[in-house]
Ligand SMILES: Cc1ncc(COP(=O)(O)O)c(C=O)c1O
């Protein structure tokens, strides 16, 4: 049975071209980038080329890009070092951030280092810019705003340019978790007033365990991971050379075909909305189904069903990979904090399907078939 992979917000298939680009650095080019011999020098050059490429694609300066072990480390770096080095005493954020942000803020607050202020979100997960402005206005202490560009469970997009402008106006630092949007939307960092963004290669057909943090050149922090002088003294530890090369290749590829891929993936999402709405009475969706949300994510709210808890299992048996909420919460019995925050009804069953350019309409037909069968076989109360 062929796997139908519809869990691309959790992680993505690594493109064959990316694997190709990485292979030499797993085989013959094994030098340590900090070594002064030629073998080491070649891997150092590869890292710098990758940095240059990433910076070019995001319209940043190479000195503003620092490779990390992924999005979680990038988020932690921005939040923790803002407190330790920039004198931040207040962090304003949303209740629907990824745990990499949410749990870090809770941990900083628990230590008594900051006061956390959580913005309200509406039923779609959108913040209210007026509320943000009024909270920013009241702050007397150094403040960091941490708001994700797009939510990983329901896909809702935030206007990060406007948020960045507000932060600038009220002299607050701004961090945005862009893990779900780097590689999926054009991001022009000259045009967005932001101090930090976080990205992760495995969300755009690159390898796992590698990402980067963008640190605006005017924002000066110390390393989160202390050690050697790697990453220009910003992140200790021997670099994941193959991963970094793979990240840059994946980002380059994704931006090469962005327009057509966006169009195609959006059409898959619309098709899924249309087909499910046709076959399942009272079909609803969590978050927006239009351009106010990621074109890669569709969070379905299936009507109450006695076997609702078994949906993912039934899909899995049919070879279909999807998530309940996010990948992080789907394996545990802890409910989604995102669905709770938007007030999603607890008697309905949320399944997140997330798409990539490697999906087809025929695969979606299979999902619709499985779900139709589930709803037609059992009498719904
Ligand atoms: C919005 C968001 N932030 C952060 C992360 C964490 O990234 P990583 O898996 O690279 O640590 C994820 C991954 O699921 C994510 O979706």
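All of the numbers you see were taken from the coordinates with simple rules; none came from a lab. Predicted, not measured: the structure shown is a model, and the values here were computed from it. Please note: Cβ atoms are built from the backbone with ideal geometry, for glycine as well, and neighbour counts cover all protein chains shown.
What to note about this one:
- Relative contact order of segment 16-144, pairs being alpha-carbon contacts under 8 Å that are 6 or more residues apart, as %: 17 percent
- Over all projection directions, the Cα-based convex hull of the chain averages an area of 19.2 nm².
- Residues considered: 126, 138, 190. Largest GNM mean-square fluctuation over the chain, using C-alpha springs under 10 Å, is found at 138.
- Packing rank of 98-105, 129-136, where each peptide gets the mean count of other beta carbons within 10 Å, highest leading: 98-105, 129-136
- Globularity ratio of segment 261-329, using Cα Rg and 2.2 N^0.38 Å: 1.16
- FRET efficiency, 1/(1 + (r/R0)^6) with R0 41 Å, evaluated for residue 34 and residue 131 via beta carbons: 0.30
- Computed over the chain, relative contact order equals 23 percent, with contacts defined as Cα pairs under 8 Å that lie 6+ residues apart.
- Between the alpha-carbon centres of segment 98-152 and segment 1-60 there is a gap of 33 Å.
- Packing-based ranking, highest mean first, of 34-40, 200-206, 142-148 given that Cβ atoms within 10 Å are counted: 200-206, 142-148, 34-40
- Most to least packed among 84-93, 304-313 [average Cβ atoms within 10 Å]: 84-93, 304-313
- Restricting attention to segment 146-247, close to 55% of DSSP beta bridges with both partner residues there are antiparallel.
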